[in-house]
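Below is the structure I would like to discuss, written out as structure tokens.
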Amino acid sequence: ASEGATTLERNPAGAEGIYVSTPFSGVNARPETRRFIDEYLARFGHPPKHDAALAYDATSAAVAALRAVGNDRAAVQRYLRNLDSTTAPTGATGKIYFDSLGDRRSMRGVVFQVRDGRAVAVSDTTS
């Protein structure tokens, strides 16, 4: 169960045994992920959920593009299209770059299983 799984939050017993994947977790967090979590906690008083991490990453990519090429729409699109593993900005969920269809290439994640009312990582590709 991801940090944002409402079934687990509302009814842990009803979620027992289910598997859930998420692109973001504090489990085995890399330094940049830990920094995002710590800054989010300090500002908002609770841990971030996956949607906050993904919004942060989208904003990070947009800001990197705007800083690199200015506010020309075509130049921003070209910049984002040309990112690769060596030039990509790093966000809360890892490197941010895209395939030819515009889908995130480097997305990793965690698979959790709910055991005794707690989310336990059973597969982690985020580190």
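About its Cα centre, how strong a charge dipole does the chain have in debye, to the nearest 20, once Lys and Arg get +1 and Asp and Glu get -1 at the Cβ? Show your work: numbers first, answer last.
Working: 16 positive and 14 negative charges, 58 e Å.
It comes to approximately 280 debye.
Skip the ligands, DNA and RNA, and give the accessible area per residue of the chain with a 1.4 Å probe, whole Å².
61
Still on this model: Can you give me the angle between helix 31-44 and the longest principal axis of the chain, using Cα atoms only, in degrees from 0 to 90, rounded to the nearest 10?
Once rounded, one gets 70 degrees.
Evaluate the distance, in nm, between pseudo-label points positioned 7 Å from the Cα of residue 39 and of residue 87 along their respective Cα→Cβ axes.
Distance between the two pseudo-spin positions: 2.4 nm.
While we're here: Of the heavy-atom accessible surface of region 57-96 (probe 1.4 angstrom), what whole percent is carbon and sulfur?
Of the solvent-accessible surface of region 57-96, carbon and sulfur hold 51 percent.
Just want to confirm a number: the relative contact order over the chain, from Cα pairs under 8 angstrom separated by 6+ residues, in percent.
Averaging sequence separation for qualifying contacts and normalising by length gives 34 percent for the chain.
Any chance you could give the angle, 0 to 90 degrees and rounded to 10, that helix 50-69 forms with the longest Cα principal axis of the chain?
10
While we're here: Give me the number: length gained by fully extending residue 10 to residue 66, i.e. 0.36 nm times residue separation minus the C-alpha to C-alpha distance, one decimal in nm. Don't skip to the end; give the middle numbers.
On the way: separation 56, 0.36 × 56 = 20.16 nm, distance 4.07 nm.
Computed gain between residue 10 and residue 66 is 16.1 nm.
Hey, if you put +1 on the Cβ of every Lys and Arg and -1 on every Asp and Glu Cβ in the chain, which of 66, 27, 117 ends up farthest toward the positive end of that dipole?
Towards the positive end, the residue furthest out is 66.
The values are calculated or read from the model by the stated rules, or taken from the named source; none is laboratory data. Predicted model only: the values in this text are computed from it and were never measured. So basically every Cβ, Gly included, is an ideal-geometry build from the backbone, and we count neighbours across all protein chains shown. Just so you know, the surface numbers come from the protein's heavy atoms only, side chains and all, with ligands and any DNA or RNA stripped out. Shrake-Rupley method; radii C 1.70, N 1.55, O 1.52, S 1.80 Å.
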